[in-house]
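Q: Please see the structure below; I have some questions.
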Amino acid sequence: MWSDNETDLDLLGFDFLVDEMVVALTQQRLLPLTLGVLGGWGSGKSSLLRIVSKELSTISSDEAGHFVVVPFSPWQYEGYEDIKGALMEAVLTRLQQEADEGSAEAVEAGRLRRVARSLRRPVQMLVGAALPAGAAMAAGALDPGLADVASTIAQSAVGGTYPDQEPVGESAEENRTPADPGAFRQEFASLVGSLEQVRAVIVLIDDLDRCLPHTVVDTFEAIRLFLNVEKSAFVIAAHPEVVQAAIDRRYPGLGRPGTSGLGAEYLEKMLQVKISIPVLSAPEAETYMHLLLAQLHLEREQFERVCEAVDLRRRESALGVALNAGIASATLGAGMPTRLYEDMTWAAAISPVLGSTLRGNPRQIKRFLNTLTLRLASAERRGTRLDAAVLAKLMVLEEQYLTDFQNLFDWQVQALGSGGNGHLQAAERHARGAATAAQRGSGDSQTPEEPRASSDGRPPRRGRARGESTATGELNEEVRAWAEMPHIDAWLRMDPALAAVDLGPYFTFARAKLRLAATTALLPAHVQELLGLLQSDVVGRRRAAVRQVQQTVAAEDLPTLVEHLMQVVQRDPAGPATDSAAELCHEIPAIARDVCERLRLVPLELLRPKLSTLVRRLPPTDPSVTALLDGWESTGTPAGAFVRQARDVRRRQGRS
């Protein structure tokens, strides 16, 4: 298993990013500097900060001094302390440690620390500030004679003190607070300048994209206190879109017409240098997987040798696979563990599909491997031997395409007692046969020609067959559509083949995501069949199923069917079940309330591919639908704006 925490061990090949950051931060003429490390969640920002911190600490001191690195996470203070005061005290505490004990610099750092501590407002004071401030405005409006008193109360509340509150500290001198931010900045700059052994103060701010909007803004305001101070730099690691959205949400009225807000412009002005973390390419993702596996199986000395070999290959070719079973064997010789070789073999097989579906995200790749390792260990504990290659292939489908994984499971259940999975066997033979024919350049008339995609972008249909799939390779329409989707076609061609494998034990460890199949046993057989058809990728089958539900499902079975269908929607909001739920609401308005209650639990962004269908097909006069759509509109997100536009279009078309 691998820890999900940041690390100072570079397994991602970030050395070129480290070099960029270190060069920028160590160039005295560039200071003061605000540098942004921008990337999505799980892209490796925190690890990059740790690697840079380690690199800066290894730079030997010279006449110019050494670097003082101050890590700070506003997320860890959120909800407990005032972010501005916490950041100020963190920086000053570190500088006090740099000064000689009892020196003038140490005394000054201590005094400024106490200033920062006195400015740290309790959370309840922050929350309660709105009440006295509001009371102040009301009092001033009701009686002009109370305006001065009310203003004093409001300003004191925002500052965290009240008019009769005694200053905190040992003496008035110790708590002498700079009159304004400029004065504090001047005193801080004087302190930094007096520490001759300090070459620069570098503050590394992480986890900003985990914070609430007001914390994001407070952090930037705190940074402003230190801006333009010589010998200082701030490094801000964040997901840019999340931070921009937080700023826009904190100040919703500042956006210009036709724009989403000023968050992007604000971030642009705050960051003087931007370093963007690229998404891992397929070869880089494969190398990363292999390094994680090597770390798991090798002794420290062996792993260091492998890392050296990887570094060398990355320097020779940054775009190729830098580690696989062959490279590891050549590096380790007879010391190559058999288990590592086997694991690297299946990792190489799944990496093309896994790397693309996880969008080259290191955290997601690590979590995938952790889940796989955990299931293997759990099975071994129960006396069950699972093939890691088979499990890995199934998990690729489970983690990224749950609806397709559900289809595979349903077919497995249907095949119990029949001696095999006819649907999977036919689909696998179809995909692998087409691949073989294409590789040979076969002109055999029995090899299906590659048809063009349909106008709606859905996978083409290759044949006539309806009815059950068989072991001879004949596919029914449903399985053909499933097998010819690009991601399923690639998955079916991956080794190992699964048609002859008993997948029951493997599905056992995924039952948390497949609980639907067990609970639907209480439904009549024809209703279970309709539930499966409502999840079909074939539009015609879904629409026919909707009509059959309306005409044939008994009133007492309808709530259970809707409940199970919405479970699927919650697991896969962008899947076909969402279309069916909207169509069912259109045909059977009585179920709209239950459907809307479940849709309210799904993050709006995950429903974005289906928003047009939902707005068009949900009954607009139903109060629960109106409340749902109004709530989506009020989110202030791009998806919410899309809902508003779609509703406007529908109104103009006279549908509401």
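The values are calculated or read from the model by the stated rules, or taken from the named source; none is laboratory data. What you see is a predicted model; the values in this text were computed from it and never measured. All Cβ positions, glycine included, derive from the backbone under ideal geometry; neighbour counts span all protein chains shown.
Q: Looking at T578, is it among the β-branched types (V, I, T), within 18 Å of V539 (Cβ to Cβ) and either surrounded by 21 or more Cβ atoms within 10 Å (Cβ to Cβ) or modelled with pLDDT under 90 (or both)?
A: Details: among the β-branched types (V, I, T): yes; within 18 Å of V539 (Cβ to Cβ): yes; either surrounded by 21 or more Cβ atoms within 10 Å (Cβ to Cβ) or modelled with pLDDT under 90 (or both): yes.
So T578 passes the test.
Q: Could we say that E196 is modelled with pLDDT of 85 or more and part of a loop (DSSP other than H, G, I, E, B) here? Steps first, answer last, please.
A: Values: modelled with pLDDT of 85 or more: no; part of a loop (DSSP other than H, G, I, E, B): yes.
Taking the combined requirement at face value, the residue does not satisfy it.
Q: Does V37 fit the bill of being surrounded by 14 or more Cβ atoms within 10 Å (Cβ to Cβ), closer than 30 Å to L323 by Cβ and at pLDDT 90 or above?
A: Details: surrounded by 14 or more Cβ atoms within 10 Å (Cβ to Cβ): yes; closer than 30 Å to L323 by Cβ: yes; at pLDDT 90 or above: yes.
When the stated conditions are applied, V37 passes them.
Q: Follow-up. Check off (1) within 20 Å of V539 (Cβ to Cβ); (2) in a helix (DSSP H, G or I) for V562 and give me the number that stays unchecked.
A: (1)
Q: Ok, one more. Given the options E556, E597, name the one that is surrounded by fewer than 19 Cβ atoms within 10 Å (Cβ to Cβ), among the charged types (D, E, K, R) and assigned to a loop (DSSP other than H, G, I, E, B). Show your work before the answer.
A: Working: E597 fails: assigned to a loop (DSSP other than H, G, I, E, B).
Residue meeting the stated conditions: E556.
Q: Can you tell me which residue within region 556-572, out of those that are β-branched (V, I, T) and closer than 10 Å to V595 by Cβ, is nearest to the chain's Cα centre (by Cα)?
A: The initial filter retains those residues of region 556-572 that are β-branched (V, I, T), namely 560, 562, 568-569.
Cutting the leftovers down to closer than 10 Å to V595 by Cβ gives us 562, 569.
Values: V562: 30, V569: 20 Å.
Only one residue fits best here, namely V569.
Q: Of W2, W41, which residue is of a type in the set (A, V, I, L, M, F, W, C) and within 21 Å of R210 (Cα to Cα)?
A: Working: W2 fails: within 21 Å of R210 (Cα to Cα).
Within the list W2, W41, the selection yields W41.
Q: Only one of these is at pLDDT 85 or above, under 28 Å from the mean Cα position of the chain (by Cα) and β-branched (V, I, T): I350, I365, I327. Name it. Step through it out loud before you land on a result.
A: On the way: I350 fails: at pLDDT 85 or above; I327 fails: under 28 Å from the mean Cα position of the chain (by Cα).
After applying the criteria, what remains is I365.
Q: Count, please, the residues in region 97-119 that happen to be surrounded by fewer than 21 Cβ atoms within 10 Å (Cβ to Cβ) and without any contact (Cβ under 8 Å) to a residue 40 or more places away in the chain.
A: The number of residues fulfilling the criteria is 9.
Q: Tell me, please, whether a residue that is surrounded by fewer than 19 Cβ atoms within 10 Å (Cβ to Cβ), of a type outside the set (D, E, K, R) and under 19 Å from V538 (Cα atoms) can be found in region 617-635.
A: no
Q: Here is a check on your reading of the model: is E342 of a type in the set (D, E) and closer than 25 Å to M494 by Cβ? Break it down stepwise before answering.
A: Values: of a type in the set (D, E): yes; closer than 25 Å to M494 by Cβ: yes.
Yes, satisfied.
Q: Same structure again: Report every pair of residues separated by at least 6 positions or lying on different chains whose Cβ atoms are under 6 Å apart, first residue within region 524-544 and closer than 16 Å to P559 by Cα, second hydroxyl-bearing (S, T, Y) and buried (at least 21 other Cβ atoms within 10 Å of the Cβ).
A: Listed by first residue and then by second, the contacts come to L534/S580.
Q: A further question follows. Out of region 1-20, which residues are exposed (fewer than 13 other Cβ atoms within 10 Å of the Cβ) and closer than 26 Å to S378 by Cα? Spell out how you get there, then give the answer.
A: Going residue by residue through region 1-20, those that are exposed (fewer than 13 other Cβ atoms within 10 Å of the Cβ) are 1, 3-5, 16, 19.
Across region 1-20, the qualifying residues are M1, S3, D4, N5.
Q: Hey, another quick one. For the subset of region 92-107 comprising residues that are among the acidic types (D, E) and in a helix (DSSP H, G or I), which member is nearest to the chain's Cα centre (by Cα)?
A: Residues of region 92-107 that are among the acidic types (D, E), as a first pass: 98, 100-101, 105.
From the residues that got through so far, the ones that are in a helix (DSSP H, G or I) too are 98, 105.
Numbers: E98: 38, E105: 44 Å.
Filtering region 92-107 for residues that are among the acidic types (D, E) and in a helix (DSSP H, G or I), the one nearest to the chain's Cα centre (by Cα) comes out as E98.
Q: Do we have D100 as under 30 Å from L292 (Cα atoms), touching a helix residue (DSSP H, G or I) at 6+ places or on another chain (Cβ under 9 Å) and not assigned by TED's automatic domain parsing to the domain that holds D206 here?
A: Values: under 30 Å from L292 (Cα atoms): no; touching a helix residue (DSSP H, G or I) at 6+ places or on another chain (Cβ under 9 Å): yes; not assigned by TED's automatic domain parsing to the domain that holds D206: yes.
No: the conditions fail for D100.
Q: A further question on this structure: With the checklist (1) within 24 Å of F368 (Cα to Cα); (2) aliphatic (A, V, I, L, M); (3) not in a helix (DSSP H, G or I) in hand, flag the one item L35 doesn't pass.
A: Failing condition for L35: (1).
Q: For residues that are of a type in the set (A, V, I, L, M, F, W, C), part of a helix (DSSP H, G or I) and modelled with pLDDT under 75, scanning just region 517-553, find the one that is farthest from P589 (Cα to Cα). Step through it out loud before you land on a result.
A: Residues of region 517-553 that are of a type in the set (A, V, I, L, M, F, W, C), as a first pass: 517-518, 521-523, 525, 527, 530-531, 533-534, 538-539, 544-546, 549, 553.
Remaining after also requiring part of a helix (DSSP H, G or I): 517-518, 521-522, 525, 527, 530-531, 533, 539, 544-546, 549.
Right, trim to modelled with pLDDT under 75 and you get 517-518, 521-522, 525.
Numbers: A517: 26, A518: 28, A521: 26, L522: 24, A525: 24 Å.
Filtering first and then ranking leaves A518.
Q: Which numbered condition trips up G42, out of (1) free of Cβ contacts under 8 Å to residues at least 60 places away in the same chain; (2) out of contact with any strand residue (DSSP E or B) (no Cβ under 8 Å at 6 or more places or on another chain)?
A: That leaves (1) as the condition not met.
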